[in-house]
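So the structure is just underneath, and the comments pick up after that.
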Amino acid sequence: MNIMEVDTVDIDLDENAVIIIDQTKLPNEVVLKKLRSPKEIWEAIYKLEVRGAPAIGVAAAFGIYVIAKDLEEQYKEDEEGFFLAFHKQKEYLDSARPTAVNLSWALNRMEKVLEKEKGKTRQKQVMALQKEAIAIRDEDIRVCRSIGEYGVTLLKDGDGVLTHCNAGKLATIRYGTATSPIYVAKEKGWNIRVYCDETRPLLQGARLTAFELFESGIDTTLLCDNMSSALMKQNKVNAIFVGCDRVAANGDTANKIGTSVVAAVAKQYGIPLYIAAPTSTIDMNCKSGDDIVIEERDGKEVTDMWYEKPMAPKGVKVFNPAFDVTDHELIAGIVTEYGIARAPYTKSLKEIFQKKKQQI
Ligand code: MRU
């Protein structure tokens, strides 16, 4: 199965299940997994079987719909009970991971739709949820495409692009965010060389980004995270494109751990670093990066995972934050589906949201 021909997250309406490409199995096996119970959906997000901010949002939207559909019959005559049960399950899914704002963004959007349907039958309410979840999925495809169209204006044929983590197709439904300009460039017949940081500790760059780009016939080179400075010094990189998990109103950006190191080195070499950011990942309620909660994960991801034997002394303390915040001063532009925001971001991001409001 070619992963580029399958949506990263989908819904099976007949079986009432969320379908995901299980990303913990990549690149060695392409496995489609069906998620039915709240626990299965929560664990798939927590364990990174489905990951990347936009894909998490779509999985949560489909997930809460699947749960609501299962509750429909039980609460046929009890609207209050249904709304309470829905809210409880929504909070449960929301607790799976804290940093990517798309998770709460999608779940809140689903709850708002339900509230609008107050007084209607459970069947009508559940249908409205289904429609909204599908709309969230379809929007993601359009949004990523638009990011690609704007992003490609920052590139030219023959450029070298560095990326960190996976903000590709596997982190969204189709084009990815940071990779979308690269896919659009390929459609134009351009040759873009892409360098993928392997991205310790969970290797999203090696297992996922290198895999999907290579499968798509893009000139792909893998490097360890500590090699990017040498690469930049050799003038191999014209631009850096990364994704994001939450962008604050001042442009500070939380993304996969290590992004801020890349950004600092890029500044040293005068290479522009762009954040590919759907507006669903921009949190205008967060004033700055200081307000962003950073997920801490199990130290075993650093000491044991991927190795046949532990590769650190048993019991040693491990520092394992999943994300870091790149200061807005290190960011050359934030590429959204409504255009490219430039510093000062407090002003330009507001303008992006005004544009969004006008177009809805
Ligand atoms: O822990 P992950 O794999 O979910 O982290 C993913 C990232 O940091 C991505 O860069 C981000 O979510 C953007 S995906 C378009």
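The values are calculated or read from the model by the stated rules, or taken from the named source; none is laboratory data. Model, not experiment: these values are computed from the prediction. Positions of Cβ are backbone-derived with ideal geometry, glycine not excepted, and every protein chain shown enters the neighbour counts.
Brief remarks on what is shown
- Matching residues in the range 62-85 - criterion: being more than 11 Å from Gln123 (Cα to Cα) and within 26 Å of the chain's Cα centre (by Cα): Phe62, Gly63, Ile64, Tyr65, Val66, Ile67
- Residue check, Ala60 crowded, with 20+ Cβ neighbours inside 10 Å, part of a helix (DSSP H, G or I) and touching a Gly at 6+ places or on another chain (Cβ under 6 Å): no
- Summed over the range 274-317, the residues that are farther than 26 Å from Ile136 by Cβ and in contact with a Lys or Arg (Cβ under 8 Å, 6 or more places away or on another chain) give a count of 2.
- Sole residue being within 15 Å of the ligand (Cβ to nearest atom) and modelled with pLDDT of 95 or more, chosen from Gly81, Gly57: Gly57
- Selection status of Leu103, more than 16 Å from the ligand (Cβ to nearest atom), in contact (Cβ under 8 Å) with a residue 12 or more places away in the chain, of a type outside the set (Gly, Ala, Ser) and in contact with a helix residue (DSSP H, G or I) (Cβ under 6 Å, 6 or more places away or on another chain): no
- Number of the condition not met by Lys118 [criteria: (1) in contact (Cβ under 8 Å) with a residue 40 or more places away in the chain; (2) outside any helix (DSSP H, G or I); (3) farther than 28 Å from Cys286 by Cα]: (1)
- The criterion of at least 1 residues that are surrounded by fewer than 23 Cβ atoms within 10 Å (Cβ to Cβ) and within 13 Å of the ligand (Cβ to nearest atom) is met by the following helices (runs of 4 or more DSSP H) wholly inside the range 175-283: 259-269.
- Among the candidates Ala178, Ala133, Ala167, residue that is under 19 Å from Ile21 (Cβ atoms), of a type in the set (A, V, I, L, M) and in the same structural domain as Gly63 (by TED's automatic domain parsing): Ala133
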